[in-house]
1. Considering each of L220, L189, L210 in turn, give the residue that is loosely packed, with under 15 Cβ neighbours inside 10 Å, in contact (Cβ under 8 Å) with a residue 24 or more places away in the chain and under 17 Å from D73 (Cβ atoms).
2. hydroxyl-bearing (S, T, Y), farther than 23 Å from N148 by Cα, away from the ligand (no atom under 14 Å from the Cβ) and surrounded by fewer than 21 Cβ atoms within 10 Å (Cβ to Cβ): does that describe Y117?
3. Which one of the conditions (1) in contact (Cβ under 8 Å) with a residue 60 or more places away in the chain; (2) within 21 Å of Y211 (Cα to Cα); (3) crowded, with 21+ Cβ neighbours inside 10 Å does I91 fail to meet, given that it meets all the rest?
4. Kindly provide the set of residues from the range 106-151 that are farther than 21 Å from I194 by Cβ and of a type in the set (S, T, N, Q), ordered by number.
5. Testing A182 on (1) more than 23 Å from R86 (Cα to Cα); (2) in contact with a strand residue (DSSP E or B) (Cβ under 9 Å, 6 or more places away or on another chain); (3) of a type outside the set (S, T, N, Q); (4) modelled with pLDDT of 95 or more, one condition comes back false. Which one is that?
6. Any residue in the range 264-286 that's more than 21 Å from V329 (Cα to Cα): show its pairings with residues that are in a loop (DSSP other than H, G, I, E, B) at Cβ separation under 7 Å, as long as the two are six or more apart or on different chains.
7. Any residue at all in the range 141-150 that's in contact (Cβ under 8 Å) with a residue 12 or more places away in the chain, surrounded by fewer than 24 Cβ atoms within 10 Å (Cβ to Cβ) and part of a loop (DSSP other than H, G, I, E, B)?
8. Restricting to the range 174-208, give me the number of residues that are under 27 Å from R89 (Cα atoms), within 10 Å of the ligand (Cβ to nearest atom) and outside any loop (DSSP other than H, G, I, E, B).
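The values are calculated or read from the model by the stated rules, or taken from the named source; none is laboratory data. None of these values were measured; they are calculated from a predicted model. Please note: Cβ atoms are built from the backbone with ideal geometry, for glycine as well, and neighbour counts cover all protein chains shown.
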Amino acid sequence: MHYLDYAATTPVPPEAAEVMVRVLTRDYGNPSAQYGLGREAHSLVERSRAVLGQALGCRPEALYFTSCGTEGDNWAIRAALHQNRRVGRHIVTTAVEHSAVLQCVKRLEQEGYTVTYVKPDAAGRIAADRVAAAVREDTALVSVMLVNNETGVRFPVEEIAQLLQGRAALLHTDAVQGFLKAPFTAKSLGADFITLSAHKVGGPKGVGALYAGGRAKPPLPLLYGGGQEAGARPGTEATAQIAGFAAAVRLRLERREETSRHLADCKAYALERLGTIPDLVFVGESDAPHILSVSLPGYPSQNIVSDLDARGVCVSAGSACHRGRASHVLTAMGLERKTAAGTIRVSFGPETTLEDIDALVQALLDHKNTRFPML
Ligand code: PLP
């Protein structure tokens, strides 16, 4: 199999999986329990938080474990709006956020909030001053992702943070695709809330983290119950997932230079090889080392994905049609319908090989040679 869908999810390295098995079978105490097994579980959670703090260059106490990136996004948005409830009920975001942000703010529109959606240009870019220009006196929150999950374009969150200085609006960034790929620290970004998810960086599914620092106050809980996570996120800690998350992050930090060289090599090779396919179009100006979006205009992406699957190549059409409608990201970029409908996302990870890319290119060529394009 040739797995080229690392932006969707990643394999857990054996070292991190072993840590999880050990926690599940041996160090399985409840972190709230008062005896040794419980104290050890509590210490494991805190050691894991410290690893994440190291990766983000922040105080561990500014980090709260969550169940996923989706929870982190929803929580950050609700917490920021609560903190700034006296500022107003206006939100600025982009038209190309992940649905974890977009669907949350859509719900908030039904609750009486007003939302401004800043659109990207044809390359998928969003200039910081266009975001700043949308901010009003009553803007309580600006939410702009760090790296777009469909195009790999990195947004200027640092510059947005600078432009927001002296304004009341809090800044949230969904850094799920940028974490450990685009270099940043909590301080260098300058965002008040940062969302992370484990399964995009070699951690298990079902765990993430929310950074609430800068001007953010301890976030208002979404759930009510026990006193876990400083009372902000009750529920018995998912110790195995948390430990697996930290183990994966530690590995990525240890192998950071090697991995970034490897991803750069994979991307350069893919750009060169994919560029030899007649009529293939590169979509957006990807900055992320691990994401490339390409289109075979006129060839529906669902068919490409299933043909590639039959040839053992896994890519995503998440970037393209949902029941015949182009993705919100490609639509916002103003892509021609045929190009949008033929777009697939290819994404790499530490385990990707050049043979995987060769297999992809061959499968795309075979697809083109055996299928007729739409009119
Ligand atoms: N935000 C972005 C940019 C993503 O790519 C994803 C996952 O695809 C999420 C949020 C949601 O993360 P999770 O799958 O952990 O809920």
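1. Values: L189 fails: loosely packed, with under 15 Cβ neighbours inside 10 Å; L210 fails: loosely packed, with under 15 Cβ neighbours inside 10 Å.
Within the list L220, L189, L210, the selection yields L220.
2. Details: hydroxyl-bearing (S, T, Y): yes; farther than 23 Å from N148 by Cα: no; away from the ligand (no atom under 14 Å from the Cβ): yes; surrounded by fewer than 21 Cβ atoms within 10 Å (Cβ to Cβ): yes.
Judged against the criteria, Y117 is not a match.
3. For I91, the failing item is (1).
4. If the condition is that a residue be farther than 21 Å from I194 by Cβ and of a type in the set (S, T, N, Q), then Q110, T114, T116 are the ones that fit.
5. (4)
6. A264/P289; C266/F348; C266/T352; K267/P289; K267/F348; L274/L280; D279/L296; D279/P297
7. Within the range 141-150, the subset in contact (Cβ under 8 Å) with a residue 12 or more places away in the chain is 141-150.
Cutting the leftovers down to surrounded by fewer than 24 Cβ atoms within 10 Å (Cβ to Cβ) gives us none.
No, that holds for no residue.
8. Of the residues in that region, 3 qualify.
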